[in-house]
Every structure is written in C-alpha cells, then in structure tokens.
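Undergrad: Right, I'll just put the structure down here and ask away after.
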Amino acid sequence: MLFIIQVFPHIKVSALLPVGEAGLFNILKSTLVTHGLGGEFIILTMLIPYIRSPREALASANIANIMSFFFITMTVIAAITVMGVGITARSFFAPFNIADFLPAVGIKSFLVFTWIVGFWAKVALSQFVVTDGLVKLLGLREHRPIILPVAVLLVVFSLTFYENSTDLFEMIPRVLPGMALFFEYLVPTLLLIVGLLKSKSPSGKAPA
C-alpha cells in the first residue's frame, strides 16, 4: 500500500476516462482471464482438512480473497493512471514498471523479491495439492513415494508446454478461461453436489 501511495504525485485521473469506452461486452470479455486467476483460490480449499477449525479457515480465506481483490484493483488503477492504458496492457509485471517513477532506491529489488517469493509459494502449494490429491486417489498411505515424480513432471511440463515467457503470456488469454471454467468452477461445483447428495442419502452413499 505504501508503494501505491508513493506514486500519487504521478497519477493522472484523466487516464481512466471515458469510463466504459470499449463497451459492456468487451469489458465482460476482459474479465474472463481475471476470473480464471481468481478461481485459483479453490486450491486453498484443499488445505481445509488439515486446519483445526474449518470455520476459521473459511473466514481467513474470505479475508485473504477480499484483500487480494482490493490490492490488485488498486495496483491496476495506479498502473493505468501513471503509465496509461497502452503501457499497462503490455506490462507483464506492472508494479515493476511503476517503480521507474519512484526515487526510492532498492524498490525494484523489493518488488522482484516479493514476486519470486509469491511465485514459489504458489508452486509449492500447487505441488502439495496435486500430490495430496494423487495420494487420496490412488489410496496410498503416505506422500513420499510420489513427491519426487510429481516435482519432475511439473518441471518437464513447464519446459515443454511453453518455450518462453512470451508464449506463456500469449496463451493465457486463449487457454486459461476455458480451463478455469472447467477445473475451478464446474468440477468443484459437481463435487459439492455429489457431497451434498451423499450426506443426505440414508445409506451414506450418493443415489445411483
């Protein structure tokens, strides 16, 4: 938040006008990628069984979701009002570009450090979720036998799916919306319905 406050002298509110110039359809279309990234919070639900109080976990997840939404929104507004729509749209990591307008020494190093820590935390969490899911799916007693194979597969897939970061960012708008709709919304919803039917079934099993 202090980072955004420091760019206040460079903010031009006129860059946000006119509001809705692209039209409602294009605005809604542009939110597909955002919903795909936001849907990744479903990964956090995999941690609920390991938390002592699921109710407190749900409250914490909601608070984290709201705070993330707030800070992302403020960062996007700051980027547009400082750099303009065109530069912001071409920026892979907008806060890093905003740092060019700040006199503070070492701000870019701090942003890169934050980005790297967040990236590896996300990778570690994703690997845990995949490993834990495979353990339950295969009926294994412990995680150790598949930790290394899963890590190797993640490295191989990351190197073979996209040759460089340019290919990655070009494919995200094409692939992520549909993939997110299926894995982050449709599959969890179906699992929730099956779980509710199973809990209401007298025998404890979902009806055929």
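All of the numbers you see were taken from the coordinates with simple rules; none came from a lab. The structure presented is a predicted model; accordingly, all values stated were derived computationally and were not measured. Note: ideal-geometry Cβ built from the backbone for every residue, glycine included; neighbour counts use all protein chains shown.
Undergrad: Whole percent per 10 Å bin, from 0 to the bin with the longest distance: what is P(r) over all C-alpha pairs of segment 14-66?
TA: For segment 14-66, the pair-distance distribution reads 20, 32, 23, 17, 8.
Undergrad: Hey, got the dipole for the chain? About the Cα centre, +1 on K and R Cβ, -1 on D and E Cβ, debye to the nearest 20?
TA: 660 debye
Undergrad: A further question on this structure: Could you work out the helix-only [θ] at 222 nm for the chain, with each DSSP H run of four or more residues adding -39,500 (n - 2.57) and the total divided by the number of residues, to the nearest 500 deg cm²/dmol?
TA: Mean residue ellipticity, 222 nm, calculated: -22500 deg cm²/dmol.
Undergrad: Can you tell me which lysines have their Cα less than 29 Å from the Cα of residue 136? Leave out same-chain residues fewer than eight positions away.
TA: 122, 198, 200, 205
Undergrad: Also, quick follow-up: What order do you get for 50, 185 when you list them from fewest to most C-beta neighbours inside 10 Å?
TA: 50, 185
Undergrad: Determine the distance separating the Cα centre of segment 39-78 from the Cα centre of segment 164-193; give it in Å without decimals.
TA: 18 Å
Undergrad: Over the Cα atoms of the chain, what Rg and Dmax result, in angstrom?
TA: Rg and Dmax of the chain, Cα atoms, are 20.9, 67 Å.
Undergrad: Assuming 0.36 nm per residue, please report the length gained on full extension of the stretch residue 2 to residue 192 beyond their Cα-Cα distance.
TA: Extending this stretch completely gives an extra 64.4 nm.
Undergrad: Where the only charges are on Cβ atoms (+1 Lys, Arg; -1 Asp, Glu), what is the dipole of segment 1-104 about its Cα centre, to the nearest 20 debye?
TA: About 100 debye.
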